[in-house]
1. Please report the accessible area of residue 61 (heavy atoms, 1.4 Å probe, ligands and nucleic acids excluded) in Å², nearest 10.
2. Would you kindly state how much longer the chain becomes between residue 20 and residue 80 on full extension, computed as 0.36 nm times their sequence separation minus their alpha carbon distance, in nm to one decimal?
3. Can you send over the solvent-accessible area of residue 28, 1.4 Å probe, protein chains only, in Å² to the nearest 10?
4. Which whole-Hz couplings ³J(HN,Hα) result when phi for each residue of region 24-29 is put into the Karplus expression 6.51 cos²θ - 1.76 cosθ + 1.60, θ = phi - 60°, listed in order with x for Gly and Pro?
5. By the scheme Lys and Arg +1, Asp and Glu -1, what is the net charge of all other residues having a beta-carbon under 15 Å from that of residue 44?
6. How much accessible surface does residue 26 have with a 1.4 Å probe, in Å² rounded to 10?
7. Once you have the Cα-Cα distance between residue 68 and residue 53, take 0.36 nm times their residue separation minus that, and quote the gain in nm to one decimal.
Amino acid sequence: MKREQVISAMKLPMDVFLGELIVSLIGRRAVYIENYQSILFYTDTRLKLQGKDCKLNILGKRLFIEYYTGDNMKVTGIIESIELEV
């Protein structure tokens, strides 16, 4: 049985157990990211994060990391685009 099937059968949150990135966009002004592994690049116009299986690019203006912990963060500013690199 695949790991995904076991997690699903147990009704556990798949994103947490598989370490998937969780991205919550609040309009154009803020984005919350969970389960990232590291910050690869950060300026006021671009933020690049490493996830388990992909990279996440956030492009915009006046980007600011309002807070971050080992696995989640809040970014504010004018969010223009969010891209996944697989």
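The values are calculated or read from the model by the stated rules, or taken from the named source; none is laboratory data. In this text, all values refer to a predicted model and were calculated from it rather than measured experimentally. In this analysis, Cβ positions are derived from the backbone assuming ideal geometry, glycine residues included, and neighbour counts consider all displayed protein chains. For accessibility, only protein heavy atoms count, side chains too; no ligands or nucleic acids. Shrake-Rupley method; radii C 1.70, N 1.55, O 1.52, S 1.80 Å.
1. Residue 61 exposes around 100 Å² with every protein chain in place.
2. Values: separation 60, 0.36 × 60 = 21.60 nm, distance 2.26 nm.
Difference between extended and current length: 19.3 nm.
3. Using a 1.4 Å probe on the heavy atoms, I get roughly 150 Å².
4. Running phi through 6.51 cos²θ - 1.76 cosθ + 1.60 with θ = phi - 60° gives 10, 9, 10, x, 9, 9 Hz.
5. +3
6. The accessible area of residue 26 comes to roughly 90 Å².
7. Length difference between fully extended and current span is 3.4 nm.
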